[in-house]
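Here's the structure, in structure tokens; my notes come after.
Quick note: the coordinates plus some simple rules give every number you see, no bench work behind them. Remember, it's a predicted structure, so these values are computed and weren't measured experimentally. Every residue, glycine among them, receives a Cβ derived from its backbone with ideal geometry; neighbour counts consider all protein chains shown.
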Amino acid sequence: MRPSSEAELAEAVAAASGPLLVRGGGTRTIGTALGEVLETGGLSGVELYEPGALTLVAKAGTPVAEVEAVLAADRQRLAFEVPDLRGLLGREGLSTIGGVLAANASGPRRVQVGAARDAALGVRFVDGSGAVVKNGGRVMKNVTGYDLVKLLAGSRGTLGVLSAVSFKVQAQPEAEATLVIEGLADAAGLAALRAALGSPFDVSGVARHSGRSLIRVEGMAGSVGYRLGRLRDLVGGDVIEGDASAMAWREVRDVVPLQGRPGEVWRIATLPTAAADVVARLGGAALWDWGGGLIWVLLEPGRGADVAAAVAGRGHATLVRGEGGPAFPSEAPEVAALVAGVKAKFDPRGILNRGMI
Amino acid sequence: MDMPAPDQGVIARKARIVARLRAVLPADAVIDAPEGLRVYECDALTAYRCPPLAAVLPRTTEEVSAVLRVCWEHGVPVVPRGSGTSLAGGAMPTADSVILGVARMNAVIETDYANRFIRVQAGRTNLSVSGAVEAEGFFYAPDPSSQLACAIAGNIAMNSGGAHCLKYGVTTNNLLGVTLVQMDGTVVTLGGPWGEPSGPDLLGVVCGSEGQLGVVTEAWLRILPKPEGARPVMAGFASNEVAGACVADIIKAGILPVAIEFMDRMLIRVCEDFAHAGYPDCEALLIIEVEGSRAEIDEQLALIKVIAARHNPVAFVEAEDEAQAKRIWLGRKSAFSAIGRISDYMCLDGTIPVSSLPYVLRRIGELSEEHGLAVGNVFHAGDGNMHPLILYDANKPGDLEICERMGADILKLCVEVGGCLTGEHGVGIEKRDLMAVQFAPADMEAQMRVKDVFDPKWLLNPAKVFPLATSLTRRAG
């Protein structure tokens, strides 16, 4: 099904007689939900864009590329740096802005500006009974009622089907540059990232892969030069600028080093100080982002128990490419009970992405 | 403003309930004498008062759990309270309720600079969180004006903001995880120091739920390295509209100051009398703060000066030294108490799209004339979070009612232009009955369903946030 309006979407959900597989462009869907495909791609278009208020409202099925083009025309952007996971996951199609929020998909700049959830100002969605709900709005600060925007962000279509989203956007910086540090073992290379994150120099990216640590700074030209110099005094490294820097961060964002290689891909959230040890225990090629707080690791199939043991008590892991992984890591029983309770309220028939919770 | 009639059955059982509370808490942690309960009869929304049935001051998560279990078994409503600085009545009790104050839970549990977090008990004050990490060059970013007094628990309940959230975000953007006690005593951990949600973001909906989903007893908070320096400038303008236009131009130019604060003539005067900050004498003033090294600050301020110059400022003054910078902020952050020296006032908190600032300021001026009450404006202009202060005389019969009608008109105006009723203070009892201006029944129903899951008996802070008629059947159940 591919409704072309919010009203059609609400009708489709209300009239559904069986499970629905909810998706935007299907470029970052994970998990094992089955059902009739319900796509939001028919709900497309930027509804409002106010560069002077740093605000954009779009229908949920609007391609991310279209949103980014609209913003770029005014030298603005989505601050949280949307990852393109098609290469990693072997998908085709057009990523949608609603899908981005539903997956809380956030790139390297998250360490500086927060995740998709933090930039999201408002949502409209259709719950599992077919009711249209709005929450939040299009202003920067809003504590009117409960924050269901956060609840829907990252819920991967299990609680409602997004029909429209609004985001706070950001001006593109005048300049960017990156320190590249080679020749360090993983533990030392990750320590350099933590040192940068703990400095006052406002880094906007801290990642490591292929034996290199990367530290990014963005802003006004004079300021970028100054901060990069101070960081270089702190942790060493060589400077790349402009397009070369941008290219290096697209590789991190899209997990390029793990693309096209056989095996399963796990996405692990952990403490930066645990980042080297988690990978050392698992082996396998890895890409660390967020100063080590996010790890993408490539493993042979069947290592789920090892992954769980490696992150126990210090984070959580999700199988994003491989057979039969759940969409969400398992929770403590009392938290799982709350999640199940919320699911039952928002989707009483249990038809939205069944099996993912 | 109405509150539901208290449950007489609960009031009749007071002695038994207090005895049960004393059985699970140390003797000094239960207050039931009338003179002791006066302390808890209101929060910073002082227009409304009602002493609670009892107040408890637990010291640990286990004690909070025990208290809630007792109240749950006896069907007693519980009103969580941080430091009682809510401007929306978020901590106002009813006669049949137990105030659960977390003020004694103020310990630092863990600081971890390498992973940039601090874990505290939730009664700790906002400013003392920064105080605990400043020796290592770190700080906690959200900075409500009441930060000297307000508790992290209340910040989480209201998703508090502050002057510097233009750059650093509000509480929800700096909160990594919580220990939450549900009404039936169940203790849950939501989120954690790694900061990435592992499923549907329950932490995100707890933050800003006004103490209606559970009692937060501990929190992991993001701490950040302090910038090398910061410097405020003051730009004075000939009218509110011009100042509003300047704000939009600064943002459009791609500069992101850490704060852009606005004051109109009335507030400039009362804040100057209070803080002697050297505010220029003009119709509208912007305080713009930028951060970084000396050279970085100079680079940003040069650009801001060029933009401001296009709007013919009547003054453009950089803070000369640290002492003046402090006075500039002292005046701004003391705005509510400064105005409190000259009049009773009601503080509103609507947020609007920044682009609507000039129009909304003009309309507020017109509403002020229509209702015959003076209004002053001081607010976070960079993110459109307005704080109109309506002056009234509490001793003059009918004045409070006029003030409330005018306040409602201003908030409706905020919603009309695409904004919301409250940007950082919360709904509480104050804006509860205006919720239907912003939300359709289905929108509120979806929110109330979340409470149904966390607090099926609707005992936690029950008569807040949602219009009484809207929540009636749930509260009665």
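Other residues within the sphere of radius under 14 Å centred on the Cβ of A:V235, judged by their own Cβ, net out at +4 (K and R +1, D and E -1). Once you sort the root eigenvalues of the Cα gyration tensor of the range B:269-338 as a ≥ b ≥ c, which label holds: rounded (a/c under 1.5), prolate (a/b larger than b/c) or oblate (the other case)? Because a/c hits 1.5 or more and a/b fails to exceed b/c, the range B:269-338 counts as oblate.
Spin-label model, A:R91/B:L330: points 7 Å from Cα along the beta carbon direction are separated by 5.6 nm. Of the residues A:S163, A:S210, A:S106, the one that moves most in a GNM of chain A with alpha-carbon contacts below 10 Å is A:S210.
Using only Cα coordinates, the Kirkwood hydrodynamic radius of the range B:8-103 works out to 13.1 Å.
For chain B, the longest principal axis of the alpha carbon atoms and the long axis of helix B:322-333 meet at an angle near 60°. Taking every alpha-carbon pair under 8 Å whose residues sit at least 6 apart, the range A:282-357 reaches a relative contact order of 18 percent. For chain B, lysine pairs separated by 8 or more sequence positions, or belonging to different chains, with Cα-Cα distances below 18 Å total 8.
The mean count of C-beta atoms from other chains within 10 Å of the C-beta of residues in A:147-160, rounded to a whole number, is 5. Contact order for the range A:199-288, expressed relative to its length and based on alpha carbon pairs under 8 Å spaced 6+ residues apart, stands at 30 percent. So for the protein assembly as shown, taking the charge dipole from beta-carbon charges (+1 Lys/Arg, -1 Asp/Glu), which of A:Q259, B:M234, A:V165 sits furthest toward the positive end? Highest projection toward the positive end goes to A:Q259. Length available on full extension from B:A47 to B:Q8: 0.36 nm per residue minus the Cα-Cα distance, which gives 11.6 nm.
Rounded to two decimal places and with Rh computed the Kirkwood way over Cα pairs, what is Rg over Rh for the protein assembly as shown? On the Cα set of the protein assembly as shown, Rg over Rh gives 0.95. For chain A, modelled as a GNM whose springs connect Cα atoms under 10 angstrom apart, the maximal fluctuation among A:V265, A:V139, A:V320 occurs at A:V139. The packing ranking, built from the mean of other Cβ atoms within 10 Å per residue, places the peptides A:298-306, A:117-125, B:182-190 in the order A:117-125, B:182-190, A:298-306, highest first. Hey, how many Å between the Cα centroid of the range A:213-270 and the Cα centroid of the range B:1-37? The two parts, judged by their Cα centres, are 58 Å apart.
Mean per-residue shielding of peptide A:329-342 is 5, counting Cβ atoms of other chains within 10 Å of each Cβ. In chain A, helices alone account for a calculated mean residue ellipticity at 222 nm of -8500 deg cm²/dmol, with every DSSP H run of four or more residues adding -39,500 (n - 2.57). Using a cutoff of 8 angstrom between alpha carbon atoms and counting only pairs six or more residues apart, the relative contact order for chain B works out to 14 percent. Between 0 and 90 degrees, the angle of helix A:221-235 with respect to the longest Cα principal axis of chain A falls at about 70 degrees.
Close Lys pairs in chain A (alpha-carbon distance under 26 Å; sequence gap of 8 or more, or different chains): 15.
Going by alpha carbons, how many degrees (0 to 90, nearest 10) lie between the helix axis of A:333-346 and the longest principal axis of chain A? The angle comes out near 50 degrees. From the square roots a ≥ b ≥ c of the eigenvalues of the alpha-carbon gyration tensor of chain A, which class results: rounded (a/c under 1.5), prolate (a/b over b/c), or oblate? The shape class here is oblate.
Starting from the Cα of B:M1, step 7 Å toward the Cβ, then list every residue of the range B:326-365 with an amide N under 14 Å from that point. The answer is B:345-349, whose backbone nitrogens lie closer than 14 Å to the label point.
Could you calculate the FRET efficiency of A:A344 with B:A19 from 1/(1 + (r/R0)^6), where r is the beta carbon distance between them and R0 is 41 Å, rounded to 0.05? E(calc), rounded to 0.05, equals 0.65. The length gained on full extension between B:R362 and B:S128, counted as 0.36 nm times the residue separation minus their Cα-Cα distance, comes to 80.3 nm.
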